[in-house]
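Participant: Handing you a structure now.
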Amino acid sequence: MRLEELLHRGDQVLVTAVEIAGALIIFVGAAWAALRFVVDGLRCRDAAVFTPIRLSLGRFLTLGLEFQLAADILRTAVSPTFDQIAKLAAIATIRTALNYFLRREIAQEQQQVGRTGPPS
């Protein structure tokens, strides 16, 4: 096996591992948020109870998106073509915008929780 083939296979393994990590982070966050939603929803019907759940889910989504972007960057790291670079730029722009809006919403929610205090 040539060195180039070995590097390409190693890169594919790394990309797959990082993509799986990102997907697992998002899945764990969604499962945790769903469980908390059901448990807290049965105990208390106040909408303020769900704000910390949304904040936590937003953090999981942000982290998972960062891993997915890292996988895309790894994918194009080995001898990228112009087409691959253009696709990466588009994906990075979309994911960066998603992260920006998620972080902004998280900050707004945190300020709201800070003003109203934790739910009782």
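Participant: Using beta carbons and a limit of 6 Å, which pairs, at least six apart or on different chains, have the first residue in segment 94-110 and more than 23 Å from ASP72 (Cβ to Cβ) and the second one surrounded by 14 or more Cβ atoms within 10 Å (Cβ to Cβ) and acidic (Asp, Glu)?
Facilitator: Qualifying pairs under 6 Å: none.
Participant: Just one of the numbered conditions (1) free of Cβ contacts under 8 Å to residues at least 40 places away in the same chain; (2) of a type in the set (A, V, I, L, M, F, W, C); (3) surrounded by fewer than 16 Cβ atoms within 10 Å (Cβ to Cβ) is not true of VAL78; which one?
Facilitator: (1)
Participant: In addition: Of all residues in segment 1-48, count the ones that are in contact (Cβ under 8 Å) with a residue 24 or more places away in the chain, hydrophobic (A, V, I, L, M, F, W, C) and not in a helix (DSSP H, G or I).
Facilitator: Counting residues in segment 1-48 that are in contact (Cβ under 8 Å) with a residue 24 or more places away in the chain, hydrophobic (A, V, I, L, M, F, W, C) and not in a helix (DSSP H, G or I) gives 1.
Participant: Is it the case that VAL38 is modelled with pLDDT of 90 or more, surrounded by fewer than 12 Cβ atoms within 10 Å (Cβ to Cβ) and farther than 20 Å from VAL13 by Cβ?
Facilitator: Answer is yes for this residue.
Participant: So, ILE91, is that one without any contact (Cβ under 8 Å) to a residue 24 or more places away in the chain and touching a Lys or Arg at 6+ places or on another chain (Cβ under 6 Å) or not?
Facilitator: no
The values are calculated or read from the model by the stated rules, or taken from the named source; none is laboratory data. Keep in mind the model is a prediction, meaning the values are calculated, not measured. All Cβ positions, even for glycine, are placed from backbone atoms using ideal geometry, and neighbour counts span all protein chains on display.
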